[in-house]
Amino acid sequence: SANTHAGLLFGLRVLGSPVRVYGMCVRRSAELQKQRVLDKTNQLASMMKVDVCVTADDVHVDDCMLQPGYGQLNDYVKEAISLTAESEGVLLDPTYTGKAMAGLLAYVRDGMWSEDQRVMFLHTGGTPALFGYPELISE
């Protein structure tokens with residue numbers, strides 16, 4: 001829906017924070033998702049009666065984990081769910097947080113950030129959805 005990404009980004013910019021927020025697309029292309037995030041931040045600015053503080057350059061979205069489609073798993077998502085459960089004791093759902101973590105892991109492996117940079121993963125919930133995938137739980 002882009003609501004979480006837009007809300008986080010808008011709040012950070014209103015507070016004057018330059019922190020980047022990266023979103024992994026789960027339903028639509030990066031191009032469409034980026035526009036949705038911008039539209040939502042503009043709606044928030046209008047609702048809150050503040051100047052628009054989010055630009056297209058602020059919106060970072062990636063559709064590298066979108067396939068094979070909404071609510072469908074790929075090997076990267078399966079790995080992210082298993083790795084996070086085994087190493088951190090944190091459960092991720094296949095539709096949202098699993099795809100987000102898979103994207104984060106891909107970024108780390110690609111060297112997107114240096115070792116001295118801090119990166120935070122925000123778990124936005126959805127864990128009960130994991131139980132709709134019994135084949136994943138049994139692995």
Which of the residues that make up region 43-81 are among the small types (G, A, S) and modelled with pLDDT under 95?
G69, G71
Looking only at helices (runs of 4 or more DSSP H) that fall completely inside region 12-117, which ones have 2 or more residues that are within 17 Å of L130 (Cα to Cα), of a type in the set (D, E, K, R) and without any contact (Cβ under 8 Å) to a residue 24 or more places away in the chain?
75-88
Which residues, taken from region 118-139, are among the acidic types (D, E), farther than 18 Å from G89 by Cα and either assigned to a loop (DSSP other than H, G, I, E, B) or not assigned by TED's automatic domain parsing to the domain that holds P94 (or both)?
none
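The values are calculated or read from the model by the stated rules, or taken from the named source; none is laboratory data. Keep in mind that this is a model prediction, so the values were computed, not measured. Backbone-built Cβ (ideal geometry, glycine too); neighbour counts: all protein chains shown.
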